[in-house]
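Visitor: A single structure is presented below for examination.
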Amino acid sequence: MRSELGIIGFPIGHSISPVFQQAALDYCGIDATYRATEVSPEQIGDFVKNLRRPEVLGINVTVPHKEAVIPYLDEVDEFATEAGAVNTIVNRNGRLTGHNTDGYGFLRALQESGGFRPRGRKVLIVGAGGAARGVVQALVREGFSQLLVANRTLARAEVLVQLAKVRGIPAQAIPLSWNELSLAAVEAHLIVNCTTIGMAHGPDPQGTPLLLHQIPPGSLVYDLVYNPLETPLLRAAARAGAGTLGGIQMLVHQGAASFEMWTGETAPVPVMLAAATEVMKKMDTSRNK
Ligand code: NAP
């Protein structure tokens, strides 16, 4: 019996998870198919109930269903509970568990590809949506010395700042203005873009939350946006002499953690990264034609 895996979202056409997950399954010789399925909010309950079938190993869950799936699961782990969001469902003998591997993926990429250890460092997060929440939660577990969160909607930044303050980490919310960002960036060791600025088909695809002269040369600039691979922010950071890390590594590492939960096998991360990068490069090329 061929096993079933996949990802659900609404819409879902943009997802590259099928490409790198199928590459990993094939590389490991696992007899399974990973498919993207568009599931509307009205269909979510029935869809999740149907995952208890023996051929289903599990699924990934993306926007807008990460919260909506929770009531249909038997158990939710501590990371997903803390985030209030599930990105991975595992089916074991008809029992469905919910997990969140986003924070893990963020940290693995930061440490392995960025060579960065958060402890004792000052961090500037730009953005305060779902991804930023996962990033702050992951960083807080590691411990660091100071957090600044800049966001267009200041109230959302205030909420994230509290996650650090309750752990005794000095933290402040600031508006998304050029002046405030300049002052904040000057002292930052790590700058993370968690907004959709710079994202293809997003609200501001040519934009960057920080300009070249605002980026300290010794910092690491981590852009969660992975489409395109090289965002305007990463280009500016490279020219400023800062280290750069794109979102594709995080995407692959969160997927690798899901893969290991479903299959019990070590994920072939280099194979997954190569497949993901190849498909993104093709998208970049066709967009620039
Ligand atoms: P979200 O919850 O919708 O949050 C969007 C964030 O972007 C908010 O902070 C929002 O500010 C800000 N924003 C949107 N349009 C803006 C504009 N025109 N000017 C300034 N700020 C703007 O989205 P999300 O799920 O957190 O995702 C954010 C980004 O991270 C996306 O590009 C996504 O692809 C990427 N991501 C990457 C990975 C990965 O594995 N690499 C994982 C998750 C997400 P307001 O609060 O003021 O609306």
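Visitor: Does at least one position in segment 134-155 carry a residue that is of a type in the set (K, R) and away from the ligand (no atom under 12 Å from the Cβ)?
Guide: yes
Visitor: Cβ contacts < 8 Å: first residue within 28 Å of P217 (Cα to Cα), restricted to segment 158-182; second residue open to solvent by 90 Å² or more (accessible area, probe 1.4 Å) and part of a strand (DSSP E or B), any location; separation 6+ or different chain. Result?
Guide: V161/Q172
Visitor: Looking at Q249 and the list (1) of a type outside the set (S, T, Y); (2) under 17 Å from the mean Cα position of the chain (by Cα); (3) open to solvent by less than 10 Å² (accessible area, probe 1.4 Å), which single condition is not satisfied?
Guide: (3)
Visitor: Let me ask something additional. Working only within segment 109-131, note down all residues that are within 11 Å of the ligand (Cβ to nearest atom) and at pLDDT 95 or above.
Guide: Once the filter is applied, which keeps residues that are within 11 Å of the ligand (Cβ to nearest atom) and at pLDDT 95 or above, segment 109-131 yields A109, I125, V126, G127, A128.
Visitor: Which of the following residues is within 14 Å of the ligand (Cβ to nearest atom) and hydrophobic (A, V, I, L, M, F, W, C): L229, L220?
Guide: L229
Visitor: Which residues, taken from segment 13-31, are open to solvent by 10 Å² or more (accessible area, probe 1.4 Å) and over 18 Å from N91 (Cβ atoms)?
Guide: Passing the criteria: G13, H14, S15, P18, V19, Q22, A23, D26, Y27, C28, G29.
The values are calculated or read from the model by the stated rules, or taken from the named source; none is laboratory data. Model, not experiment: these values are computed from the prediction. Positions of Cβ are backbone-derived with ideal geometry, glycine not excepted, and every protein chain shown enters the neighbour counts. The area values use the complete protein model at the heavy-atom level, side chains included, leaving out ligands, DNA and RNA. Shrake-Rupley method; radii C 1.70, N 1.55, O 1.52, S 1.80 Å.
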